[in-house]
Amino acid sequence: MPLYKGAFPYQQDILALPVADLDVASQWYSTAFGLVEVERRIEPHPAVILERDGVRIGFAITGGDASQDGAAILVSDIQRAREELEARGIQISNWRVDQRGTQRLQVFFVVAPDGLCFNFHQPIP
């Protein structure tokens, strides 16, 4: 079953999360998140697009502050997502339940070496 169901940027563009080095970003996110590089772009910014389970996340040289950006990643199995990341040596934090309106979500966070923050989440039935 696909693990990734969607990705939603904190700022503006899920295909242009700010990083300093495209090759470093591509390598780290491929290893850490199991993403696969599918495209490189030059315009409007140099960017690399990675994908998993049909969900695309892009990293770009925009000059933006990575510590103020990132994405929420909707997953089908939050426990599997956590186990995969931890098996790859990735530190997760804030394993908790959040309330958004009437919806309860199991969540955790990963802060990547580039400063981007990712909120992995799954609705609780």
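For the range 69-84, just list the computed ³J(HN,Hα) in residue order, Karplus coefficients 6.51, -1.76 and 1.60, θ = phi - 60°, integers in Hz, with x standing in for Gly and Pro.
9, x, 7, 9, 10, 7, 10, 7, 8, 4, 5, 4, 4, 4, 4, 4
Hey, could you get me the Stokes-Einstein D for the chain, Kirkwood radius over alpha-carbon pairs, 4 °C and 1.567 mPa s, rounded to whole µm² s⁻¹?
88
Can you tell me the orientation of helix 22-33 relative to the chain, as the angle in degrees between its alpha-carbon axis and the longest Cα principal axis, to the nearest 10?
In the chain, helix 22-33 runs at an angle near 20 degrees to the longest axis.
Provide the net charge surrounding V24, with neighbours chosen by a C-beta distance below 13 Å and charges set as Lys +1, Arg +1, Asp -1, Glu -1.
Numbers: positive: none; negative: D21, D23, E37, D114.
So the surrounding residues net to -4.
Provide the convex hull volume over Cα atoms per residue for the range 43-95, in Å³.
120
Go through the range 96-104 residue by residue and turn each phi into a ³J(HN,Hα) via Karplus (6.51, -1.76, 1.60, θ = phi - 60°); whole Hz please, and just put x for glycine and proline.
Taking θ as phi minus 60°, the curve returns 7, 9, 9, 10, 10, x, 8, 8, 9 Hz for the range 96-104.
What is the local net charge at V38, summed over the other residues whose Cβ is closer than 13 Å to its Cβ (Lys, Arg +1; Asp, Glu -1)?
Taking every Cβ under 13 Å from that of V38, the sum is 0.
Please give me the summed charge of the neighbours of R96: other residues whose Cβ is under 13 Å from its Cβ, Lys and Arg +1, Asp and Glu -1.
Result for the neighbourhood of R96: +2.
All of the numbers you see were taken from the coordinates with simple rules; none came from a lab. Everything numeric in this text was worked out from a predicted model, so none of it was measured. FYI the Cβ positions are ideal-geometry reconstructions off the backbone, even for glycines, and counts take in every protein chain you see.
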